[in-house]
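One structure is given here, and the rest of the page talks about it.
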Amino acid sequence: MNNYLKIAALGVTTLAVSMVFNSCEKESFETTPSDQATIVEEMSTELAYPNKAGEIVTIQLNGDPVQVEKIGDDYILQGDIIVYPDDSQESKSVGRTSGRWPNNIVYYDIQSSLPNQTRVTTAIAHWEANTSLKFVRRTNQAAYIYFQVGSGCSSQVGRTGRRQTINLAGGCSTGSTIHEIGHAVGLWHEQSRKDRDQYITINFQNIRPGMEHNFQTYVQRGRDGDEYTSTLDFGSIMMYSSRAFSTNGQPTIVKKDGSSYTTNRSGLSQGDLAGIRAMYGGGDGNQAPTVSITSPSSGATFVEGATVSINVSASDSDGSVAKVEFYRGSTKLGEDLNSPYVYTWNNTISGTHNLTAVATDNKGKSTTSSSIRITVQGGTGGGCDGIAEWRAYPQVYSRGDKVVYQGTQYEAQVGQLWVTPGSGEHWWKTIGTCN
């Protein structure tokens, strides 16, 4: 129930890839099931260049020698933070108030061509519902966040005083967007706390050779900072996975009792919120409800006129859920006041539909779920008749298997495959849309 918060040094960029396959489109290789298990363990650990190894070098960062990984022209600190050697615009202190957003107002804009902008608006709504920060669409402000298309998920850390970008690839989820906004308002990784060794043990024998520097505290890296909460928060959205950078599939970070932990990428923890309140003030302490659509699954396909049952899971940690509303795009389909939360959509119309649910708690705070996309086919079904929908692990596919995912048909290019279609052409070849 706790975390740490530090205002970032200016000029530092984090580059986080939520789907580890996005940076590998030019590579062609097969993985074993154990390899893929390791990949899944690390999907909650943001990486600048997954599946790429760089050269370990020492650079001068504000006069301090810092060990980083060099890949191409980028210098990478802690796996997902891009730093610039001897950047004159970078302040050594990560506790400076100049990195905060004045008056708790964060100005932003969204690139018109950015796909799935709902993840941005949902992430912003999550921050506004749970903190005193307000996100205002930019008009002519010089300092603002610009959400744009990127090869991964990336953000600068803290307010820079000028335009700063949050880059989002197609695989960057709503949770990843919440994470990147956390960087932009001043959050560093939780396991970087200077007091972390009181709460966790780093198993260096399980870390990939050359990756040990990613587990330094900010003090060990010659950085300054502040702990705004009293203890390390395992539930922080900024916490590394327990198996981050593992060379053998065994945990690299464990609790003091030797146990691993579950990584959170669904939303801000109570500790995250406490840290934000300590830094920015405000907030009534009421945590917004959580909500997700449990069925149908995203990518499901139906026949025109069919009945679709939309099932939602919603809960509130410090109160109760007053209602759940169901939406198709911006059109409200209906609402349910009691659990289990279900809406039955009759006489569906053909097309591709984005479905969301909005849960409101007893104090009026609301949360919008991540959207799912379903396809309702008319006529012959667009050439996808008889092709099964993709199913997540433990379903494993062989080379040549065909599936339908989110209204598009794919063919497996390797064996022993269960990664998500659309992750890269070396995994799944795109055959075409079903409509």
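Rule-based calculations on the coordinates, nothing more; no lab input. Here the structure is a predicted model, which means the values were calculated and not measured. Cβ coordinates were reconstructed from backbone atoms using ideal geometry, including for glycine residues, and neighbour counts include every protein chain displayed.
If you add up the charges near PHE135, with Lys and Arg at +1 and Asp and Glu at -1, over every other residue whose beta carbon is less than 12 angstrom from its beta carbon, what do you get?
Charge balance in the 12 Å sphere: +1.
Over the range 387-435, how many percent of alpha carbon pairs lie in each 10 Å bin up to the one with the longest distance?
Spelled out per bin, shortest first, that is 32, 61, 7.
Mind scanning LYS332/LYS402; LYS332/LYS363; LYS255/LYS363; LYS332/LYS365; LYS134/LYS363 and naming the pairs with a C-alpha gap bigger than 30 Å?
LYS332/LYS402; LYS255/LYS363
With 10 angstrom as the radius, rank VAL157, VAL136 by how many other C-beta atoms surround their C-beta, starting from the fewest.
VAL136, VAL157
In what sequence, highest mean first, do 193-199, 243-249 appear when ranked by Cβ atoms within 10 angstrom?
243-249, 193-199
How many percent of the alpha carbon pairs in the range 105-202 exceed a separation of 16 Å?
Of all Cα-Cα distances in the range 105-202, 57 percent exceed 16 Å.
So if R0 is 30 Å, what FRET efficiency would ILE71 and GLN117 give, r being the distance between their Cβ atoms, rounded to the nearest 0.05?
So, using R0 = 30 Å, E works out to roughly 0.50.
Fewest to most neighbouring Cβ within 10 Å: what's the order for TYR108, TYR410?
Lowest to highest Cβ neighbour count: TYR108, TYR410.
Can you run phi through the Karplus equation (6.51, -1.76, 1.60; θ = phi - 60°) for the range 244-251 and list ³J(HN,Hα) in whole Hz, with x for Gly and Pro?
4, 6, 6, 8, 9, x, 8, x
Restricting to DSSP loop positions (anything but H, G, I, E, B) with no more than 15 other Cβ atoms inside 10 Å of their own Cβ, which trypsin sites (Lys or Arg not before Pro) remain in the range 134-186?
Those that pass, being in a loop and sparsely packed, are ARG162.
By per-residue mean of other Cβ atoms within 10 Å, what is the highest-first order of 54-60, 427-433?
427-433, 54-60
Fewest Cβ neighbours within 10 Å first, please rank CYS172, CYS434 accordingly.
Ascending Cβ contact count within 10 Å gives the list CYS434, CYS172.
To the nearest 20 debye, what charge dipole does the range 306-435 have about its Cα centre, counting +1 at the Cβ of each Lys and Arg and -1 at the Cβ of each Asp and Glu?
Roughly 160 debye, rounded to the nearest 20.
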